[in-house]
Structure formats: C-alpha cells, structure tokens
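None of the figures in this text is laboratory data; all of them are computed from the coordinates on show. Keep in mind that this is a model prediction, so the values were computed, not measured. Don't worry about glycine lacking a Cβ; one is built from the backbone with ideal geometry, like all the others, and counts go over all protein chains shown.
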Number of protein chains: 2
Amino acid sequence: MKAFEPLNVAGMALANRIMVPAMVTRLSGDDGFVNQNIIDRYVRYAQGGTGLIVIEAMAVHHVKSGPLLRISDDKFVPGLTDLARRIHDTSDSKVVPQIIHFLKVAKSGWRQTVDMLSRDDIDRIVEEFGDAVARAREAGFDGAELHSAHAYTLSSFLSRTNPRKDDYGGGTLEGRLRLISRIMQNVRRKAGGDFPVGVRYNADEFIKGGYTVNDAKAIGLRLAELGAAYLSLSVGGKFEDAVHSPGQVPYPYTGYSGDRCMPGDWYPPMTHAHYAAEIKAHVRSYGYDTPVAATGKISDPDDVERLLGSGMVDIVGIARGLLADPDWPNKVRHGERDRIVRCDYCNVCKHLDGTHMRVICTLWPQGSLQAPADDRSQAAPQWPNADASLAARAQDGSILLRWAKAPGAARYDVYRCDDLGNVSFVDAVKVTRWEDKDVLAGRRYRYHVRAYTKSGTGSAPSNTIQVELPAVHGDGFSSG
Amino acid sequence: MKAFEPLNVAGMALANRIMVPAMVTRLSGDDGFVNQNIIDRYVRYAQGGTGLIVIEAMAVHHVKSGPLLRISDDKFVPGLTDLARRIHDTSDSKVVPQIIHFLKVAKSGWRQTVDMLSRDDIDRIVEEFGDAVARAREAGFDGAELHSAHAYTLSSFLSRTNPRKDDYGGGTLEGRLRLISRIMQNVRRKAGGDFPVGVRYNADEFIKGGYTVNDAKAIGLRLAELGAAYLSLSVGGKFEDAVHSPGQVPYPYTGYSGDRCMPGDWYPPMTHAHYAAEIKAHVRSYGYDTPVAATGKISDPDDVERLLGSGMVDIVGIARGLLADPDWPNKVRHGERDRIVRCDYCNVCKHLDGTHMRVICTLWPQGSLQAPADDRSQAAPQWPNADASLAARAQDGSILLRWAKAPGAARYDVYRCDDLGNVSFVDAVKVTRWEDKDVLAGRRYRYHVRAYTKSGTGSAPSNTIQVELPAVHGDGFSSG
C-alpha cells in the first residue's frame, strides 16, 4: 500500500503517510501545561503507528481560553519536551505541535476582528509565531504546523471577508497573504530554515462571500514558495455563520461551515479531498513538490489508498477515525482491517468540544478518557447459541432491526447491502436495535451485524436478514 | 459537438442539449398574465437556438407574490398558449413552464414552514400541481417542470430539515419523498403519462443539517422510477440561512446557500456539475436512462463539451450565460465563439431580482429590457489609430490597467495570461480601466483587451502588456 511507503517532508522522515490532524482534547488544564492525560492521548497515536502526529493547537500568546496548551513562554518548554520525548520513545512517529493565535471572543457574542488589530499588534503576532516555533524546535518536536484554518487569526486575514483597508487586506489577495507570508519568513529566521514548518489552511471557507479553491490554490503556491514543509487542507469552521447561544462564547463549528469542517454521517466520505488534489496539482504545475494532506471524513482504508495511490494527495489526515481507533495504521498495515474500531461519524466528539467537555469517543468503554489498549487476548464475542436472531420490521418509511445481545460485546457494527449488492458499514451502536431511516420503497435491503470487543475483536457475522419494501403505489409508500 | 446532437427527452425531441433554466425576470405584471415583455424574453432564447427553454416559475396557487406568472386558473391558459405558440413559431426550441408552489413569507421575517400545513393543505397542493400541468399541456407546451429546488414547498418537504412528525417527514427519507411522489403520480394521471414532466431539485442544500448528494441520489432514483422526463440539478437557495433585512420579505438567495445557487466570479466554473454526474451514474446503475441536466456557472463552450462529451451529464443548463447572450447556441454551433457576449458572473442580475427589479443583464445596452438583436451589420470597433494603448501599473497588491476608448464599443473584455501560459477571460467592463486584485507577488502577468459591439462583434486584440511583480522579500510584497 502506498499509505505505508515512507515520505520525506522537508527533511522529516515519515514512516508512513497517515497523519492525525490537530484535534481539540480539552484534556489540559487552564494553565496551559502538558499533563499526563495529554501525554497519554498522544502516546496512544504513536503506539498505533501513525506517521505524523499533530498535537492540538497551542497558543503563542496569553489570552484566557479555558483548557488549552500554551507555547507562549519558555516555561512551557519542559512539559512540551517531555511530550515530544515520550512520543519518540514509543515509536518512529513524527510529531509536530500546531501553533495558533486567536482573537478575543465574549459570551455576549462580541468578537474581536482583524480590523481591530493595530500594526503593532500585527508585528507582535509575527514575533510570537517566530518565538513559538523556535520553542517547538527547542522542545524536540520534529517540526511545527501553523494554524491558518477555521476561525482563527491567520485564517481571518486570509479570508475573502477580511475587512482591513490597509495592506493587510485592502481587498487584494496579496494583502490577505501578507501576514502569513511575514510569519513564514520570521518563523524560518527564528527557528531555522531547516526546521520543517507545515501550514494548515482552508481549501474553501464555506461562508457567504468566503474564498473558494480558486484562492486556496494561490495561497498554497505562496506557502510553497515560502518553504512550507507541507500543506494540510481543511475547510470551514468559521465564526461568521456560528450560531450564538446566549451566555455562551461563540463556537465556530455551530454553523454550516462547521458542518463542512467535520462532516457528519450524512456527508459522502472524502467529501473535500478533491480540493486538496486540485491544490496539489496547481502547486506542482509551478514546480514545487510540497506534500499536500487531505482531511475530512476519510477513514476507510480503500479510500485512503485511492487518494494516495492515485497521487491525488501525499498524506491522508484521519482525525475522528484515529480518535475512535488509534491502532488504525498498525491494523491496516498488518492486514487486520477487520479489527478496526470504525468511526460512524456520529460527531459526539464534536459535540463534547462544543460544550466544553473533555473530548472522548463514544465507542470507547464508558468512563474512559483514552482509547482502550489493543488487547488481543480478548476472545471474540459469541452470539447466544451461535444465533444472533437478527430480525427486521418494515415500518412507515424505515426498517427496524433487533438482534440478540452477545456477551463480551462492547458495540455492534451494522452493515447494509443495497439491491445492487454494495455492502457498506452504516453505523456502530452499543444497543441491540437500529433503525434505518434511509430506505426507499420498492427496494430490497439486506443487513447483518457483528459484535465487537472494546478493542476490535469481532464476532462471526449475524444471520443476514432481507427486507423488500413495497413499491410506491397509489398515494405513496405503504408500510410492509 | 455533442452539445448539438439531438436528444429524446421522454418523447420531447430536443434539437440540442443546451437548456435555459428557469430564471426570474420580474417582467410580468402582478396579475400573473403573460405580457409582451415575457413573450419577447423567451422568443429571444428561441431565436438563439436553445434546445430547451424553461419558462420562469409560474404558481399553481393564488397567494400574493408581486410580479409572477400564474397557471393556477384556466383564465391563464390563453396567454400561456400564445407564449408557447410564439416560441414554436420562432424555431425548433422546445419549451416547458416551471411549475411552483411556495409558502407564505412576511416582511417581518416570519415564514410559513411545511409543518404548518394540514393534510388537507397537502392534498390540495397535490391537486393543484396536477391541474397546473394539465393546463400546461392544454396551452401547447412540450412538457412541464416541477420546481422542487431552493426555498419552495416541494424542496422544503425533501429537505433534511423537514420538521414534520407525520409520514410527510418523520425523519425518514421516504417521508420526505412522499409529497413529490404523490404529485408525480397525480400529475401523470391528470396530464397524461405521455406528457414529459421533468423535475428540478437540489443536489445539495448547502445549509446546516441540510441534505447532501447522498440523499440527492436517492431522490433522483425515486423521480426516475416515477417517470420524470429529466432531472435538472441545482443547489442551495434556501430560506434557512437567508439574511433578513428589516421591512423586506426574506429573499432565499441572500445567505451562503444563495452564493452557491448562483456562484459568483470567485467560484470555479462548473462548480456543482460533479454532483449531477454522480446522480446520473446512480440512476443509471439502477437501469434508468432519465436525462440529467447540470447547471451552475457553466457557459464556456469547452466546459459544456467536456460535460456532455464525457457523458457526465446529458443536458447543460446555462442561465446567466444565456441571459447575457441568448445567441450563445447558434454562435457556438456556427463556430462563432468569438462573438459570444460573455457573462462575467458579476451577478447584477441576481441583485436585481433580490431588490425586486426587472431582471436584465448589465452587458446589454443601457435601458434595454431585452438582449439586443444579433446585428451582424455592425462594424467591429476600431482602436484609435489602431492602438489600444493598453498600459498597466503595479500598485500595492494589484495591477491597474487602462486603455483607449474604441468608438462603437459597447463593452471591453479583459483577458489575462498567467506565467504558465494559461489565458483566461477575467472580466467584461463598460469603462476603459480595470484593476486585477488577484495577483501574486513574484509572478508575471500578461493582459490584453478587446472591444465589442453590443451584439458581440469584436475588435482586434489590443497590444499585450506584461507586468512582473517583485517577489516577496523581507517584510513582504513591495509595490512595483
């Protein structure tokens, strides 16, 4: 598999092309220091064999913001050094911190915008990024990543909605690029031109008047010119369309652009990967071989291989899929796809972040703060008397499945086969019933379920149940 | 060209695969009757050789709504008959009316939603659509199109945000499909199964929680099963994210989904055509050969041919491009691409609709209510002393072009060549200056302009001017 071929990223030797993108954990304290929960979370990805681990965003400055890692002062370096060392001691995973600057937001819904920054403020941000990346190097990270995506300062400068009238905006693409350009130059000056610094930015803003892949191609070219180690593409996640709940600090993933940023189960897989591929092609056409990473609802091994094998992109970022199962890389590499704890894109993790809770995966055992160890000694769950008793009932516009409880099961995966014979994993549940609300009258569906231990050992498939829904007649669908 | 091969659409024999999708004109009176301006607008498309003309939405019911055609009563049939006859008398263009039902909206921002409809209301809507399509047949149209896209009743039932709890919603796909399914059946009963009835619907809602192409594939399959003559795909245009201006009736194209519905100049061309192609492939996989139409910022003849020649879609809808130049089909067919009045996607037409003005194209001569006739007797504009004197000045982050006025010119087209040699049409203007705000420091740009008469006779190209912008150094872009 192309996924497990090594990749040289500006001198950073990735063992494979699987990346865990920065994900908020809310596991740190408000003090911004690395703690044991943080170490456990990221060492877990190293155990799983991820090629590149991007540590959640850490701030270059001191603005108050709940549980958030900091890299804004030398006092944070020892903890960060420990984090990097613990990961390096675990496996050959490479690790970079994501470095962020953000503007102020208030519970009233007020938020600071880029046009409120003085030129001195901008100069300070340029220096803060340089100092932060120098600290990342000092702490022993393999590189760093600038967070220029979503609702944060660098992204807001890049935005097509940047309201500044001066040469950091002014309605020109070059004006919007000025801050990230200065920062890249200063970072390389302060941290060394040989220290790999990637950039995460939006391929499309997905807001009214926001930029599209047209601008993202130009942004990628500029970043490549300035020596970016890699380009990591995200989308959306903006304040402009955030839904403000009274008394809550606005959360930039509550609007439509937030839907797109972490696409839920109703989105197609790999929903934004074609943007990354377009950006890669554009940058290549100018002679730059900067690796390009795609993210966004990618976790099926075949999809990953399609993206990498075709050369559409160079790195695949798997966020929610690796949260669900950090052992995904090792399992796929060893031909054990069947043991993956598969993300069903229920977005409970997103909801936890949005409600200021520690971010865990609902597929983990109840009460866990981390993914369970890959315990291969666990026996496969057994159906009672080798019979899952999977049964189906057609209701008005849906099909209700029920099956027997399998002792030792932590969850059940539901598979659906459509009448063209395409089998797909459709949901992961902890109960023994599931309702399919996406069925069409006049069509035939087949289902089976499997029971899994908490670390992914699967039972034999259940019996397969087939349901034929009556066609639409007269005044429409009649229940079967 | 594949574009000019005929296509049989459920018995309706299209001479070519170019369609003008339904576009609001605001040319009718509040009384809902066909008038001379309406006839002139649509006869103009017939003169231009468009294969399929879809007349702007006409209402099946009597709710007040400004200037809007009606098909809600037999009294409208004579006017509609005249409209259809006038088009048929002009060319072999086929013509279908778009048939719409919409819910109430108020200046306060209040709007009626589908959960406020009783089951009797729904039954009435089913009958109204059947009666309306029967009238369309009586009036001599070649078929009809049901409007199930954007912010209107049928689309709101299909929406993933449909809040109804009963079997016309209920959180199931089949529930959301029930109304359009009943309507298709009733329409075919009342208007005859041999009368071609296409459906326009959204490939993606582009709103928070809205449906994606996943559901659009299932919707397309259902419509094919029910005998839809064609599937015409749009996106967005919803009330859910509309920006409400106090004292104004909400306009469903003011939010992000409105940006997507009529993508402006900052969007890539053919930005949603891949959805139509996915839907076509899905419907084909079930054995239906229902023709599929793509729309959305398509007007370049090469793009059109790419979509049709590859079989991605069967029909290409050109809305703003045909508004700018209804002669596009004949000009392309006769190898006169050079004479097309090219839409620059400035969206003044969209703005006129949003502000309740008659919809015209800003590229037409000032004061015109219709596109000018294709007057081939007009001499090409001449540059003074055969010299356009095109000059460029690099400013801070932009390049300003100026050139000489060419007597007889109605507009100027600006062409840009990037440093890879790709030439593109970038804007159409009525003045002799243009500023390029999408340039990158360190890159070379070449420009030329051409002057055009109002019907598309072009001058010789101007001189070519080349600008090399200084690279980013030190603290960023320095002006050239």
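Calculated mean residue ellipticity, 222 nm, chain B: -8000 deg cm²/dmol, from DSSP H runs (n ≥ 4) at -39500 (n - 2.57) each, averaged per residue and rounded to 500.
The Cα center of region B:296-346 and the Cα center of region A:398-431 differ in position by 47 Å. In summary, the helical segments of chain A meeting the span-like criteria, namely a full DSSP H run, a Cα extent along the axis of 15 angstrom or more and a mean Kyte-Doolittle hydropathy of at least -1.0, are A:36-48, A:77-90, A:119-138, A:173-191, A:213-225, A:273-285.
By the count of neighbouring beta-carbon atoms within 10 Å, fewest first, B:94, A:405, A:64 end up ordered A:64, A:405, B:94. Taking 12 Å as the straight-line reach from the Cα of residue B:297, the aspartates and glutamates in range (excluding those fewer than 8 positions away in the same chain) are B:259, B:265, B:344. Positive-end ranking of A:282, A:328, A:294 along the dipole of region A:243-334, with charges on Cβ about the Cα centre, is headed by A:282. Within 10 Å of the Cβ of each residue in A:415-421, the mean number of Cβ atoms contributed by other protein chains is 1.
What average count of beta carbons from other chains do you get within 10 Å of the Cβ of residues in B:282-295?
Per-residue shielding by partner chains comes out at 1.
Indicate the gyration tensor shape class of the protein assembly as shown (rounded, prolate or oblate), computed on the Cα atoms with a ≥ b ≥ c the square roots of the eigenvalues: a/c under 1.5 is rounded; otherwise a/b larger than b/c is prolate and the rest oblate. Here the protein assembly as shown falls in the oblate category. Shown for region B:204-314 is the translational diffusion coefficient from the Stokes-Einstein equation, using the Kirkwood radius over Cα pairs, a temperature of 37 °C and a viscosity of 0.692 mPa s: 220 µm²/s. Only one residue of B:81, B:4, A:242 has its Cα farthest out toward the positive end of the dipole of the protein assembly as shown, where Lys and Arg carry +1 and Asp and Glu -1 on Cβ, and that residue is A:242. Shielding of peptide A:436-444 by partners, expressed as the average count of other chain Cβ atoms within 10 Å per residue Cβ, is 5.
State, as an integer percentage, the relative contact order of region B:1-141 based on alpha-carbon contacts under 8 Å between residues 6 or more apart. Once divided by the residue count of region B:1-141, the mean separation gives 24 percent. Dipole magnitude for chain B: computed about the Cα centre from +1 point charges on Lys and Arg Cβ and -1 point charges on Asp and Glu Cβ, it is near 360 debye. Rounded to the nearest whole Hz, the Karplus-based 3J(HN,Hα) values (6.51 cos²θ - 1.76 cosθ + 1.60, θ = phi - 60°) of region B:311-318 follow the sequence x, 4, 9, 9, 9, 10, x, 10, with x at glycine and proline. Using C-alpha pairs under 8 Å with a sequence gap of at least 6, the mean separation divided by the residue count of region A:195-278 gives a relative contact order of 29 percent. For a straight C-alpha distance cut-off of 20 angstrom, the lysines reachable from residue B:405 (same-chain residues fewer than eight places away being disregarded) are B:430, B:454.
Suppose a student asked you for the relative contact order of chain A, using Cα pairs under 8 Å spaced at least 6 residues apart; what percent would you report?
Details: 1105 pairs, mean separation 56.3, N = 480.
The value is 12 percent.
Straight-line cross-link reach from residue B:107 at under 26 Å between alpha-carbon atoms covers these lysines, not counting any fewer than eight positions away in the same chain: A:208, B:64, B:208, B:238, B:350.
Ordering of B:212-223, B:30-41 by packing is B:212-223, B:30-41, highest average first (other Cβ atoms within 10 Å, averaged per residue). By the compact-protein rule of thumb, 2.2 N^0.38 Å, the alpha-carbon radius of gyration of region B:360-436 corresponds to a ratio of 1.28.
Over all alpha-carbon pairs in chain B, figure out the percentage whose distance exceeds 40 Å.
On the way: 26022 of 114960 pairs.
Value for chain B: 23 percent of Cα pairs lie more than 40 Å apart.
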